[in-house]
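> Attaching a single structure in structure tokens format; questions to follow.
The values are calculated or read from the model by the stated rules, or taken from the named source; none is laboratory data. Remember, it's a predicted structure, so these values are computed and weren't measured experimentally. Please note that ligands, DNA and RNA were not included when accessible areas were found on the heavy atoms of the full protein model with its side chains. Shrake-Rupley method; radii C 1.70, N 1.55, O 1.52, S 1.80 Å.
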Amino acid sequence: MTKNVREEVITLLQNDFIKEQLFMIGNAIAKVLQNVIITSTEELPVVYGETPIEIKEFIARKKIKGCSQGTVYQYQKVLEGFCAYIKKDVKEVKDIDVLMYLDFAKTKKQLSDRTLDTRRLILSSFYTFLHDTGKISINPLKSIDRIKFVEKKRQALTDIELEKIRNACITPREKALFEVLYSTGCRVSEVTGLKWSDIDWQNRSVKVLGKGKKERTVFFNAKSLIALQNYKNSRKDEEDIIFIGERNCSSCIKKCTMEKIIRDLGKRAKINRPVFPHLIRHTFATNMFIHGANIYEVSQILGHTKIETTKIYVKTNDDMLRNSHRKCLV
């Protein structure tokens, strides 16, 4: 590289100096640069102290699209971790770089195949964005196959387990939270911001803001309405927010706090498996389906845009198929 620099300088000056002078200038440059290593900017490593602009744009688009805070955080965490591993411009990534990263995550970090495929999907979404916006000519994820994993079947809570959790509720807030989650099938994030003024008591319904900022109506059963009314009567504040902190009455409880409440209820009820809000949502969908709702109705209440997503929640079993067969055929 030093030789190239000297030659380029001599070339630029050749019309202004005679041959002898150029020879002297060349020797002077060679002497000054004798112990200097020059690297082209194209060969310099990318500094990842700051998130690449391409990732920033991608994340910004996800936020504008209406992705949840948790989803955005997961995308950003995976992409920044990928950049830290490859140590090169994200636009220069090849399929081999992705394969090496996934192999590293599997062998060194011992991630499950399911988690690995989630990371592959995130990278695929990012590089599809780069390709579709003309930032890269070839999508390196096109040749990366889906990572197969054994999908664990999530079993809905039984009637006995549901009653055990109900009996384990101590405070009116616990009772109201559990009954609302089970009656509406809502995500935790959809319940955190609910207000008393949102509830249509006459029609036993409330409008919630789901994924993608899409509004939908969900419904209460009698148990959830009574639990809500008892909880409201136990409150001494005038806050419009339904689920508030026990110490700080001016703010809603966070998603992680709700998850902890449900998790503790499961432990207190002595159910021999983890209990979490999404399991209650799964139980809601399963019971709706078992008791006669069709999959399209369940999909609407859950706020799914694709029916395939609802099928993950609703699993048919032999008893359900047998009952349907008896209803339809004589």
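> Solvent-accessible area per residue for region 82-187 at a 1.4 Å probe radius, Å²?
56 Å²
> Considering only Cα-Cα distances, which of the following residue pairs are longer than 22 Å: K88/K142; K77/K211; K260/K311; K195/K223; K164/K223?
Details: K88/K142 20 Å; K77/K211 20 Å; K260/K311 27 Å; K195/K223 19 Å; K164/K223 15 Å.
Beyond 22 Å: K260/K311.
> Order the following by accessible area, largest value first: E239, E161. Probe radius 1.4 Å; ligands, DNA and RNA are ignored.
E239, E161
> Expressed as a whole percentage, what fraction of the accessible surface of region 106-189 belongs to carbon and sulfur atoms when a 1.4 Å probe is rolled over the protein heavy atoms?
50 percent
> Just the accessible area for S183, please: 1.4 Å probe, Å², rounded to the nearest 10?
Approximately 20 Å² for this residue.
> Here is a further query. Restricting to Cα pairs below 8 Å that are 6+ residues apart, what does the relative contact order work out to for region 47-130? Please round to a whole percent.
It rounds to 34 percent for region 47-130.
> Can I ask one more? With N denoting the number of residues in region 86-143, provide Rg(C-alpha) divided by 2.2 N^0.38 Å, to two decimal places. Don't skip to the answer; put the middle values down first.
Details: Rg = 11.7 Å, N = 58, 2.2 N^0.38 = 10.3 Å.
Dividing the Cα radius of gyration by 2.2 N^0.38 Å gives 1.13.
> Classify region 207-310 from the C-alpha gyration tensor, please: rounded if a/c falls under 1.5, else prolate or oblate depending on whether a/b exceeds b/c.
It comes out prolate by the Cα gyration axes.
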